[in-house]
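Enquirer: Sharing a structure here in structure tokens format.
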Amino acid sequence: MGLETHDRVLVGNLRFRLFNNDQRLTGQRIQIVVKYDSQIKTKIVSNEDMQSMCKAVVGNRNLESVVKKLYKNTTMKCKLQKLVVKDLATQCQQLCSKKAPSLLRKTTPEDLLHINWKNLISEWKQRTPLLYDVLEAIAAKDYAQTKYDPEVHHAVIGFHGAGLLHERNQNMSRVHYAIGMLLDHGGTKNETISIMHKIGCSVTTTSIHNKKKQLVLKHADIHGEMFSKQVIQVEEKKADLPNILQRKECQ
């Protein structure tokens, strides 16, 4: 009445036994034996999905093969995808946080003059690698090729990624401000800019107007400072004029 062993593999202190015939059990069963320093624990695995995981460990020698085997299992694949999506949401939440401001939160006049896509992508690779990997896989049909050049797609990935992050948090608006200011500078009508805002490509016309006022004040400060310096220089020259004339008379 004993169990007939079909397969038996020891991986470190973890032992798998596959039984084909057991009068007490119907169908195929896998027994897991885990050997600890102080005790030995065993468990019979009857769930087909869990059996698939055990067989993957037994039948494959490297981690990548095990993962691929598990991903082929419909139930496992669904659960793994949910975990990945949850991790992606967490990464995006952290990227949008005020505690460590993203480049997309920088909307000063200086920041809007130039957007470096390479720097933005570098930030995502470091802080939200899942976001970048997903967008890159969608945008680049040659993603898996050896000669693939990721920088070719940086602007497209950066633009669409920024749009998604702005939808999540309205403060991630650097790209949207830049686009709105560009449209306004090119003479685009407010109605058109409003449409661009509704489809997630720009900030509102009010936001653009307020940002333009900041730019005007900024330039006024710069020009005022330059004018003040020029006045000081003129006054200094006037004050030094007698000395200059005296030196010329001596010559």
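Enquirer: Rounded to whole Hz and in sequence order, give me ³J(HN,Hα) for region 85-98 from the Karplus expression 6.51 cos²θ - 1.76 cosθ + 1.60, θ = phi - 60°, writing x for Gly and Pro.
Expert: Once θ is set to phi - 60°, the couplings for region 85-98 become 5, 5, 5, 4, 4, 5, 4, 5, 4, 5, 5, 7, 5, 6 Hz.
Enquirer: I want to check the label-to-label distance for N171 and N119. Put each point 7 Å from Cα in the C-beta direction and report it in nm to one decimal.
Expert: For the pair N171/N119, the computed spacing is 2.0 nm.
Enquirer: While we're looking at this one, here's another question. For region 108-180, which trypsin sites (Lys or Arg not before Pro) are in a loop by DSSP, counting at most 14 other Cβ atoms within 10 Å?
Expert: K141, K147
Enquirer: Residue by residue through region 43-49, what is 3J(HN,Hα) from phi via Karplus (6.51 cos²θ - 1.76 cosθ + 1.60, θ = phi - 60°)? Round to whole Hz and write x for glycine and proline.
Expert: 8, 8, 9, 10, 5, 5, 5
Enquirer: Now for a separate question. Show the residues, 5+ positions off or on another chain, whose built amide H is closer than 5 Å to the amide H of S202.
Expert: Hits under the 5 Å cutoff: H197.
Enquirer: I'd like the Kirkwood hydrodynamic radius of region 101-208, using the inverse of the mean 1/r over distinct C-alpha pairs, in Å.
Expert: Kirkwood hydrodynamic radius for region 101-208: 14.6 Å.
Throughout, read-outs are computed from the coordinates displayed, never taken from laboratory work. Keep in mind that what you see is a predicted model, and the values were worked out from it rather than measured. Ideal geometry is used to build each Cβ from the backbone, glycine not excepted, and the neighbour counts take in all protein chains shown.
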